[in-house]
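Following: one structure in structure tokens, then a few remarks.
The values are calculated or read from the model by the stated rules, or taken from the named source; none is laboratory data. Note that the structure is predicted; figures quoted are calculated from it, not measured. Using ideal geometry, Cβ is built from the backbone for each residue, glycine included, and neighbour counts are taken over all protein chains shown. Please note that ligands, DNA and RNA were not included when accessible areas were found on the heavy atoms of the full protein model with its side chains. Shrake-Rupley method; radii C 1.70, N 1.55, O 1.52, S 1.80 Å.
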Amino acid sequence: MRQAGRSLPEYRRVREGTTMLESCRRPELVTEITLQPVRRYGVDAAIFYSDIVVPLEAAGVGVEIVPGTGPVIAEPFRTRADLDRLPELTGDALGHVTEAVRLITAELAASHGGTPLIGFAGAPFTLASYLVEGGPSRDLLRTKALMHADPQLWHDLAARLAQVTGAFLRAQVLAGASAVQLFDSWVGSLSLADYERHVAGHSAAALRAVADLGVPRTHFGTGTGELLGAMAAVDGGVDVLGVDFRVPLDVGAARGRAGAGRPVAVQGNLDPALLSAPWEVLREEVRRVLAAGERAGAGHVFNLGHGVPPSADPDVLHRVVDEVHAWRGTA
Ligand code: CP3
């Protein structure tokens, strides 16, 4: 999840003096940051250090990540003329991504027993929400207004974003990532009808960009209780359905299975807020999540239900990882 490394002192140290997006353009630094949580916690997979707006920047969009705020777009997208500022993204513009993934996977193979690397991208809806709003927004009013007032412009924008995000995913897998996750973080603000009509097809197009490469595909959003069936069904069915902390994993799995027409594995979903609870309370909750994942019956990737808070205590995260490993008996 986003900011997994942000609570680590070793992350803050190596990030000193560089902006987030600058750091993402430096393959050696990306490698170091990606490996930090693997080294410290012994987690079962690494997640590529990058951001959902990195491919937008690579395509030429003026964007910055403002600390404490999130992505901010220099000139928000509101009209058809704005589409000209979002050209097709080609592999050539992603050289730094390819190089970083190669360095990371070589290092994981050499020193970490071949721990897999998970690549990721932002889904068209979530990326569009930043472009249209100009930055983070609580209610996404402008994004939804555009979708309804000018559906053709919405579809054209989302189709371009699907190309950009698909190219970013594909570059990561071709360079060595073993799985991908599509983050539609803010899609829970939509009704099921709007999701199916205006969004699902574009997310499917983004995931289709790696369909021939044989890697598992995870689809995640927050506040998506009503959308889980539809999210599981995109592009003929995803492999793993990310479930946030609001829905028990076995319930999420049942919704995913109903949507996809076959069993889907689930990922999640410890409430990040629990990381600051007393250990006995947190441990109970970790076990409750593991039991629900087991009941879900088609595979479970343990994770938080959303991002790691920057204030999280690394020692507590370490205990959580150890607790999960003890549950499956291989600690
Ligand atoms: O944890 C990791 O390092 C994994 C890599 C990763 C990052 N961003 C790095 C990052 C991933 C998978 C993301 C995805 C991402 N980025 C999402 C989808 C996941 C989610 O949380 O729903 C979203 C919505 C973004 C956009 C974004 N980038 C936000 C909202 C922020 C937080 C801004 C803030 O300061 O509150 C970022 C910054 C960001 N991306 C950080 C990291 C490590 C923090 C940078 C820092 O402060 O050092």
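Which residue, Thr18, Thr126, Thr224, has the most motion in a Gaussian network model of the chain that connects Cα atoms within less than 10 Å?
The residue that fluctuates most here is Thr18.
Would you mind working out the accessible area per residue for the chain, using a 1.4 Å probe, and quoting it in Å²?
Numbers: 13760 Å² over 331 residues.
In whole numbers, the chain has 42 Å² accessible per residue.
Using +1 on the beta carbon of Lys and Arg, -1 on that of Asp and Glu, and nothing else charged, what's the dipole of region 117-272 about the Cα centre, debye to 20? It would help to have the intermediate numbers written out before the result.
Numbers: 12 positive and 14 negative charges, 33 e Å.
Once rounded to the nearest 20, the dipole reads 160 debye.
Would you mind computing the Rg to Rh ratio of region 241-328 from its alpha-carbon coordinates, Kirkwood style for Rh?
My calculation of the ratio gives 0.99.
What accessible area, in Å² to the nearest ten, does a 1.4 Å probe give for Phe48?
10 Å²
Per the 1.4 Å probe, what fraction of the accessible area of the chain, in percent, lies on carbon and sulfur atoms?
Accessible surface attributable to carbon and sulfur in the chain totals 52 percent.
Report the residue, chosen from Leu290, Leu157, Leu174, that carries the largest GNM mean-square fluctuation when the chain is represented by alpha-carbon nodes joined by springs under 10 Å.
Taking springs between Cα atoms under 10 Å, the residue moving most is Leu174.
Report the GluC sites (Glu not before Pro) located in region 70-130 that are in a DSSP loop and have at most 13 other Cβ atoms inside 10 Å of their Cβ, or state none.
On the way: sites: Glu88, Glu99, Glu107; in loops: Glu88.
In loop regions of region 70-130 (DSSP not H, G, I, E or B), the sparsely surrounded GluC sites (Glu not before Pro) are Glu88.
Taking 0.36 nm per intervening residue step and subtracting the Cα-Cα distance, what contour gain separates Asp150 from Glu99 on full extension?
Details: separation 51, 0.36 × 51 = 18.36 nm, distance 3.94 nm.
Taking 0.36 nm per residue and subtracting the Cα distance, the gain is 14.4 nm.
Say each of Asp82 and Thr19 gets a label point 7 Å from the Cα, pointing the same way as Cα to Cβ; how far apart are those two points in nm?
Output for this residue pair reads 2.0 nm.
Have a look at His219, Ala171, His148 and report the one farthest towards the positive end of the charge dipole of region 121-246, computed about the Cα centre with Cβ charges (Lys/Arg +1, Asp/Glu -1).
About the Cα centre, the residue reaching furthest to the positive side is Ala171.
Between Leu35, Leu103, Leu83, where does the largest GNM mean-square fluctuation fall for the chain, given springs only between Cα atoms within less than 10 Å?
Residue with maximal mean-square fluctuation among Leu35, Leu103, Leu83: Leu83.
Could you let me know the centre-to-centre spacing of region 45-115 and region 244-275, using Cα atoms, in angstrom?
Using only Cα atoms, the two centres lie 27 Å from each other.
Express the relative contact order of region 59-100 as a whole percentage, based on alpha carbon pairs under 8 Å and six or more residues apart in sequence.
RCO, region 59-100: 38 percent.
Can you give the relative contact order of the chain as a percent, counting alpha carbon pairs under 8 Å and 6+ residues apart?
16 percent
Residue by residue through region 61-77, which ³J(HN,Hα) values in whole Hz follow from phi under the Karplus form 6.51 cos²θ - 1.76 cosθ + 1.60 (θ = phi - 60°), with glycine and proline marked x?
So the J values, rounded to whole Hz, are 6, x, 9, 9, 9, 8, x, x, 10, x, x, 10, 9, 4, 10, x, 8.
Is the C-alpha gyration tensor of the chain telling us rounded, prolate or oblate? Criteria: a/c under 1.5 is rounded; beyond that, a/b larger than b/c is prolate, otherwise oblate.
Details: a/c = 1.55, a/b = 1.20, b/c = 1.29.
Verdict is oblate for the chain.
Quick check on the chain: of the DSSP beta bridges with both residues there, what percent are antiparallel, nearest 5%?
Counting only bridges with both partners in the chain, antiparallel ones make up about 15 percent.
Taking just the C-alpha trace of region 134-262, give me its Rg and Dmax in Å.
Using the Cα atoms of region 134-262, the pair Rg, Dmax is 14.5, 41 Å.
Of Phe168, Phe302, which has the most accessible area with a 1.4 Å probe, and how do the rest follow in descending order?
Working: Phe168 0, Phe302 50 Å².
Ranked list, largest accessible area first: Phe302, Phe168.
When the helix-only estimate is applied to the chain (DSSP H runs of n ≥ 4, each -39,500 (n - 2.57), divided by the residue count), what is the mean residue ellipticity at 222 nm, nearest 500 deg cm²/dmol?
-14500 deg cm²/dmol
If contacts are Cα pairs under 8 angstrom and at least 6 residues apart, what is the relative contact order of region 211-331 in percent?
23 percent
Ranked highest first by the average count of other Cβ atoms within 10 Å around their residues, in what order do 65-78, 244-257 fall?
244-257, 65-78
Just add up the charged neighbours of Ala292: K/R +1, D/E -1, any other residue whose Cβ is under 12 Å from the Cβ of Ala292. Each step should come with its number before you reach the end.
On the way: positive: Arg287, Arg288, Arg295; negative: Asp250, Glu285, Glu294.
Combined, the nearby Lys, Arg, Asp and Glu give 0.
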